[in-house]
Amino acid sequence: MDDEEIENLLDGYYSRDMHYEEGRILGSMYTKPPDVVLKSFFKFYQANLGNAGLYPGTAELEREVVKFLLKLTSGSEDFYGRIVSGGTEANITALWAAREMGYSRILTTEDAHFSVTKAAKLLKIPLKRLEVKNGIMDIDALSSELRRGDIVVLTAGTTPLGLIDPIEEVSKLCDEGCYLHVDAAFGGYVIPFLRELGHTDKKFGFDVENVMSVTIDPHKMGMAPYPAGGLVARENLFERIAVDAPYLMGGKSDTLLGTRQSGSVAAAYAAILHFRWEGYRKVVKECMDRAEYMVKRAEEEGFDVPFKPEMNIVNIGLKDVRKAKEILLTRGWGISTNPKYSTVRIVVMPHVTREVIERFLEELKNIKRDYGL
Ligand code: 0PR
């Protein structure tokens, strides 16, 4: 086929997808990255950090991104980190390394991301998911369950509600003999700025004594394109999982994946240069202002908002959320739901403007009335 034919054919497929700039995807932790970021993604498409010796420039970029992630997580510059394919790989890697260190059971909550369950199954580590209290880890339930050798996985920015588990309190319980991993895949690029903006004083990173490792994803609120997850750690977890790979330049492979798509590492760094600390703070402020606006407007329209958002994730109560999701999809809205809380869940990313919020609430009001939801 000639180029034009190929492009036309692909355009047909492309047009069937939803796109972030259309302002109709309200349930995903992603947004369209700035053009300069996308350009750098394509520029580095050949690099493969799975064989970093051939790509010293890209390897340096990875160290720069990790440095920024360590700043967000209050880590020291001599801590360790890798840009991986996403939060799932970051969580699996942390739990794999913890298992190699001799820890033997995972305690987390029902609201932890499903990647923790995947990791437990894959690594054959027994897993206990404790019922949450008001959407977060129940500290009493945890303290009666916790024993030496446990891995505790807490979430800073839970997937369903965007809440922060009691990390500082749990750290005190973890003083002896357990491994504390924090999944800040979403919240890692949010909480530091919420603190500066006076929305919270909670800590989630290495300024909490017993936090050993943190998942923090550039491809969520870092505004980088997929696939760019992050794992940072106090100790060299990557050494723990390394295997010999004699034919590689470095002689070892210390990530879960072999070949690593690396354009997104360059792109994650371009996003850091584009936004800088102040730019990310501005994005977080806007998203948070709009989340609060959405709560206010939803309540004015008579909806129930059962959880006050701690970050830019809003939940709106409806009687039948399965039906609501179905109808909203046929009307061109991509939302997600929390069947457990009977809510539709809106992740207020930068493309979710006030105008989008108004249009969406109008639609929601109509279907609530027409279908008795
Ligand atoms: N940890 C937390 C707290 C998460 O919310 C997620 C993903 C992960 C880990 C896993 O990250 P990766 O998906 O990068 O491996 N949470 C998003 C969510 O469930 C994933 C997502 C993104 C789902 C876009 C749908 C979608 O359209 O909302």
Beta carbons within 10 angstrom, averaged per residue: use that to sort the peptides 160-167, 18-25, 226-233, highest first. 226-233, 160-167, 18-25
With -39,500 (n - 2.57) per DSSP H segment of 4 or more residues and division by the full residue count of the chain, the 222 nm estimate, nearest 500 deg cm²/dmol, is -13000 deg cm²/dmol
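Give me the percent of the accessible area of region 75-225 that comes from carbon and sulfur atoms, probe 1.4 Å, all protein chains in place.
With neighbouring chains kept in place, the figure for region 75-225 is 45 percent.
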Hey, what do the phi angles of region 147-156 turn into as Karplus ³J(HN,Hα) couplings, whole Hz, using 6.51/-1.76/1.60 and θ = phi - 60°, x for Gly and Pro? 9, 4, x, 7, 10, 9, 10, 10, 10, 10
Percent RCO, i.e. relative contact order, over region 12-91, from Cα pairs under 8 Å lying at least 6 residues apart: 14
On each of the three principal axes of the Cα atoms of the chain, give max minus min coordinate, whole Å, ordered largest first. 65, 64, 38
Length-normalised contact order for the chain - Cα pairs under 8 Å, 6+ apart - percent: 23
Working only with C-alpha atoms, what are the Rg and Dmax values of region 179-254, expressed in angstrom? 15.5, 51
The chain: antiparallel bridges as % of DSSP beta bridges, rounded to 5, reads 55
Solvent exposure of the chain as accessible area per residue, Å², 1.4 Å probe: 45
Placed amide H near residue 130: partners under 5 Å, 5+ positions off or other chain: 108, 109, 110
Cα-centre dipole for region 35-273 with unit charges at Cβ (Lys and Arg positive, Asp and Glu negative), debye to 20: 640
Between residue 15 and residue 235, what is the label-to-label distance in nm when each label sits 7 Å out along the Cα-to-Cβ direction? 5.7
Packing-ranked peptide list from 143-154, 87-98, 325-336, highest mean Cβ count within 10 angstrom first, is 87-98, 143-154, 325-336
Unit charges at the beta carbon, dipole of region 35-273: most positive-side option, 184, 103, 241: 241
Which residues qualify? For residue 200, with a placed amide H closer than 5 Å and at least 5 residues away or on another chain, they are 195
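Within the chain, which DSSP H helices have Cα atoms that stretch 30 Å or more along the helix axis and a mean Kyte-Doolittle hydropathy of at least -1.0?
On the way: long enough: 263-300 (44 Å, -0.36).
Taking the DSSP H segments of the chain (at least 30 Å long, mean hydropathy at least -1.0), we get 263-300.
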According to a simple spin-label model (label point 7 Å from Cα along Cα-to-Cβ), what is the distance in nm between residue 252 and residue 5? 5.1
Using alpha carbon centers only, region 202-269 is separated from region 120-160 by a whole-angstrom value of 22
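The values are calculated or read from the model by the stated rules, or taken from the named source; none is laboratory data. What you see is a predicted model, and the numbers here were worked out from it, not measured in a lab. A quick note on method: Cβ atoms are made from the backbone with ideal geometry, for glycine too, and the neighbour counts reach across all protein chains shown. Please note that ligands, DNA and RNA were not included when accessible areas were found on the heavy atoms of the full protein model with its side chains. Shrake-Rupley method; radii C 1.70, N 1.55, O 1.52, S 1.80 Å.
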